[in-house]
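Input: a single structure, listed below in structure tokens.
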Protein chains: 2
Amino acid sequence: MSTGHHEASWRLPESDPSYRSTDIAYLQRLAQTAERGHLDSIFFADGPALFRDVGRRPSGTLEPTVVLAAIAAVTSRIGLIATASTTYNDPYNLARRFASVDHISGGRAGWNIVTTAHLEAARNFGRDDLPSHRSRYERAAEFIDVALKLWDSWEDDVEIGDKEAGVWGDPARIHPPEHVGEHFRVAGALTTPRSPQAYPLLVQAGSSDDGKDLAARYAEAVFTAQQTLDDALAFATDLKRRAVEWGRDPAGLLVLPGIVPVIGATEAEARAKEEELDRLIRPEYARAQLAKTLRVDPDDLPLDRELPADLPSEDEIEGAKSRYTLIVELARRERLTVRQLIGRLGGGRGHRTFSGTAEQVADAIQEWWDAGAADGFNIMPAVLPSGLEDFVDQVVPVLVDRGLFRREYTGTTLRDHYGLARPAHPHDRTGGRDIGRVATTTSTTHQGAHA
Amino acid sequence: MSTGHHEASWRLPESDPSYRSTDIAYLQRLAQTAERGHLDSIFFADGPALFRDVGRRPSGTLEPTVVLAAIAAVTSRIGLIATASTTYNDPYNLARRFASVDHISGGRAGWNIVTTAHLEAARNFGRDDLPSHRSRYERAAEFIDVALKLWDSWEDDVEIGDKEAGVWGDPARIHPPEHVGEHFRVAGALTTPRSPQAYPLLVQAGSSDDGKDLAARYAEAVFTAQQTLDDALAFATDLKRRAVEWGRDPAGLLVLPGIVPVIGATEAEARAKEEELDRLIRPEYARAQLAKTLRVDPDDLPLDRELPADLPSEDEIEGAKSRYTLIVELARRERLTVRQLIGRLGGGRGHRTFSGTAEQVADAIQEWWDAGAADGFNIMPAVLPSGLEDFVDQVVPVLVDRGLFRREYTGTTLRDHYGLARPAHPHDRTGGRDIGRVATTTSTTHQGAHA
């Protein structure tokens, strides 16, 4: 919902609740605001199913790759990250679409790779059951392997363009994948020449054991929900260790925890904003959704009691395992009642919420950055567009003054912004272009599909 | 290839053969030229496989739905038609993407429905063989049925937007398809609210018996390759008769033959342009492709002889049946040598080629229009961008003066341009909005994937 990441944001006087997520002019303006702040990218969560109760809050989203193409046309630098599922797509179609967005945007595309842990999605694609967590991740790994082969199916210099001889390109520089695997058989080359970034930045957000292994193997950026500095540090350390085990340089994998800032002129004003938002959550809806995530009956979750003691273990969960564990641990650690837990989840949905002045938000960001718990942050304003405008106009200048964030864009592609090199083609011995690392990185999400 | 519909267009001095089809700024300018001429739409052919020999001519295309989204952002009226395959997509994903493009463009989306008759495509999606012609068309019909259910899964007025009560929408106005069929099971509603046009204009181009039945049942516009007025008239008459058999008003189905205009200041100049283009075709490539279409060995097609007498019958062809028949009939009717046939196909690929002055091109269009052989035309310039500019600047004014074409856009959606009503929702008793028919309709194609 594009009125903000807090589920009640649409009920504020400032919000226009009318189909914000399908209003392309509104989405384009959000992207332009993020670009004005020199943020690295905008990011769209997504899932191929109508998850939400339309009674509860603004519903209705557009398919994000076409949204990014429309945003690319009115921006020039901001990175463009779309979520797409490896479980409910074919590699040929999806690799082609992301390569196309990378061409259209001049090298600004990113793909947030998800396996889609929702029964509702499975039932839109001919299945009665959610595929098992393990099988979804096995398919995801093979999907990415195939996509990489497709993105490398053209060398960078296929074109010869000899009009005189009537020879346009060199067929020897085309390399059809001829992939035969467990989940996919894909014979031919992509229709699309190798793109400005070679392929989209690979992003991942799963925090389960399988998810972390997938990220360690392939991802260049990882979005993660972490409530405490210690948890965030442990997560980043674990992920980078796993990347080393896969033979990778851990500097090529950026960890980006989410933060839900609520910014006020004073700390008291920010807190009052947050309290107003929490007051506007309708607990009966939120409780039903919590009950679904926890696989219990809503009646087993009285609003003013803590969570019941006898919840299923993570191993029994086939859906979003890491999200399940995060919620249960948050509730147990802080001994939250169901009502308090709902307030926390309705605001940040498991992400760190922080209310304060612009200076205080900058402090909160710097604290994690200095501790090595984050390579950057996924900024998820509680209310949009005002929360993004506040961040860009008030917090970014503080970070820039402290030398923690760029004053201007120094590159043109999304990998440039993240300080990552363009992947070399396997047949190219000159290697990829390497550029310096930027001080910190920041993205913004404005479509939360993880309910 | 976006240097024009003639396969040798890229070899002309005016052409830039460097990845024109992946240069979004170039494609956006073509669309703006078409919009300047008040054409109904632009149209992208497509197939999920690299069909072409990259040695032969410029290759490499982008996925067209994302291209259209990027074009939508820099245009306001021109319709945006993309080809997509029912054989190699899932209905949920594709319905959602077209609904999204319709939202993004303010109601300008069209879907050219194809079943994709290429073994190369099958092999990119885990198949060893091309599915049979019949089974592809059965799947296509069910695919469209599911897509229509998904596009009607939201009523037009789901939103309530009651901030006070905290109720955003009315769940009773959401209608999950719960579709269970031969090829698909799709349970849930689309993520995307009903779009400005309700759903994209449905376009079809198959001219086989199965193809014509599919068009008669669902299509609102049909692209067709017809060489003679008599053939075009017979085709249009047959198609409209079939539409009546499906219980439809034949006025809701527009037949748009392709025309490949080569425009010169004099007739001699136009003919010289066409001859220059034909001279630039490399016959060895073209012969290999012709041999593949005809399912014979290239050595059985000497360049200066007519086609062999013993070709397979259309019934034995599982690929593009109607195209096969068109080629064979064209060669037999005009007793063309293989070399002459290659010249015709390299220019218009089975479509009517017409060289002459702007007045003569307008005459050629008017002749078919007056005879009732066309409801409009698919303009396929031999050379781009100059051929489109010539058409817009020289032919359109003649058609406008003759009262055959609009002077300004009178509507905002693609259906408005075609004189078709917005489809009513099945639960809406007030019916669709009806608008007057325009005098004639014209589209332009600029990416030929049918080789």
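The values are calculated or read from the model by the stated rules, or taken from the named source; none is laboratory data. Everything quoted here is computed from the prediction, not taken from an experiment. Cβ coordinates were reconstructed from backbone atoms using ideal geometry, including for glycine residues, and neighbour counts include every protein chain displayed.
Summary of computed values
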item	result
Residue check for B:Arg415: modelled with pLDDT of 95 or more and either under 18 Å from the mean Cα position of the chain (by Cα) or on the phi > 0 side of the Ramachandran plot (or both)	yes
Extreme residue, modelled with the lowest pLDDT, among residues of the range B:156-180 that are crowded, with 19+ Cβ neighbours inside 10 Å and assigned to a loop (DSSP other than H, G, I, E, B)	B:Val158
Within the range A:353-363, considering residues that are assigned to a strand (DSSP E or B) and hydroxyl-bearing (Ser, Thr, Tyr), the one nearest to the chain's Cα centre (by Cα)	A:Thr353
Residue in the range A:211-228 that is surrounded by fewer than 24 Cβ atoms within 10 Å (Cβ to Cβ), closer than 21 Å to A:Arg352 by Cα and of a type in the set (A, V, I, L, M, F, W, C) present	no
Residue match in the range B:314-331 (condition: under 24 Å from B:Ala268 (Cβ atoms) and not in a loop (DSSP other than H, G, I, E, B))	no
Any hit, the range A:181-202, residues being at pLDDT below 95, surrounded by 24 or more Cβ atoms within 10 Å (Cβ to Cβ), in contact with a strand residue (DSSP E or B) (Cβ under 8 Å, 6 or more places away or on another chain) and facing chain B (nearest Cβ under 9 Å)	no
Boolean, A:Asp390 is in a helix (DSSP H, G or I) and free of Cβ contacts under 8 Å to residues at least 40 places away in the same chain	no
Single residue of A:Leu256, A:Leu280, A:Leu301 found to be touching a Lys or Arg at 6+ places or on another chain (Cβ under 7 Å), at negative phi and buried (at least 19 other Cβ atoms within 10 Å of the Cβ)	A:Leu301
Matching helices (runs of 4 or more DSSP H) fully within the range A:1-105 where at least 1 residues are more than 8 Å from every other protein chain (Cβ to nearest Cβ) and within 30 Å of A:Val262 (Cβ to Cβ)	A:24-36, A:64-72
Residue match in the range A:264-271 (condition: assigned to a helix (DSSP H, G or I) and not charged (D, E, K, R))	yes
Count of the range B:307-322 residues which are out of contact with any helix residue (DSSP H, G or I) (no Cβ under 7 Å at 6 or more places or on another chain) and in contact (Cβ under 8 Å) with a residue 24 or more places away in the chain	2
Candidate set: the range A:106-137, residues that are part of a helix (DSSP H, G or I) and among the small types (Gly, Ala, Ser); chosen: the one farthest from the other protein chains (Cβ to nearest Cβ)	A:Ser135
Residues satisfying the stated conditions in the range B:133-149, i.e. in contact (Cβ under 8 Å) with a residue 40 or more places away in the chain and out of contact with any strand residue (DSSP E or B) (no Cβ under 7 Å at 6 or more places or on another chain)	B:His133, B:Arg134, B:Arg136, B:Tyr137, B:Glu138, B:Arg139, B:Ala141, B:Glu142, B:Phe143, B:Ala147, B:Leu148
Some residue of the range A:115-130 being at positive phi and in contact (Cβ under 8 Å) with a residue 24 or more places away in the chain	yes
Selected residue (criterion: nearest to the chain's Cα centre (by Cα)) from residues of the range B:364-404 that are closer than 23 Å to B:Gly419 by Cβ and polar (S, T, N, Q)	B:Asn378
Counted residues, the range A:199-232 - those being among the β-branched types (Val, Ile, Thr) and assigned to a loop (DSSP other than H, G, I, E, B)	1
Residues (out of contact with any strand residue (DSSP E or B) (no Cβ under 8 Å at 6 or more places or on another chain) and at the interface with chain B (Cβ under 7 Å from one of its Cβ atoms)) located in the range A:168-180	A:Pro171
Options B:Thr83, B:Thr61: the member that is within 15 Å of the chain's Cα centre (by Cα) and crowded, with 24+ Cβ neighbours inside 10 Å	B:Thr83
From the options B:Thr430, B:Thr444, residue that is assigned to a loop (DSSP other than H, G, I, E, B) and either among the hydrophobic types (A, V, I, L, M, F, W, C) or at pLDDT below 95 (or both)	B:Thr430
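Residues checked against (1) in contact with a Ser or Thr (Cβ under 8 Å, 6 or more places away or on another chain); (2) outside any helix (DSSP H, G or I); (3) under 24 Å from B:Asp162 (Cα atoms):
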| residue | (1), (2), (3) |
| --- | --- |
| A:Glu275 | no, no, yes |
| A:Glu284 | no, no, yes |
| A:Leu290 | no, no, yes |
| A:Thr293 | no, no, no |
| A:Val296 | no, yes, no |
| A:Pro302 | no, yes, no |
| A:Pro308 | no, yes, no |
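The rows are residues; the columns are (1) under 23 Å from B:Ala45 (Cα atoms); (2) acidic (Asp, Glu); (3) surrounded by 21 or more Cβ atoms within 10 Å (Cβ to Cβ).
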site: B:Ala286; (1), (2), (3): yes, no, yes
site: B:Ser313; (1), (2), (3): no, no, no
site: B:His351; (1), (2), (3): yes, no, yes
site: B:Phe354; (1), (2), (3): yes, no, no
site: B:Ala362; (1), (2), (3): no, no, yes
site: B:Met380; (1), (2), (3): yes, no, yes
site: B:Ser386; (1), (2), (3): yes, no, no
site: B:Pro397; (1), (2), (3): no, no, no
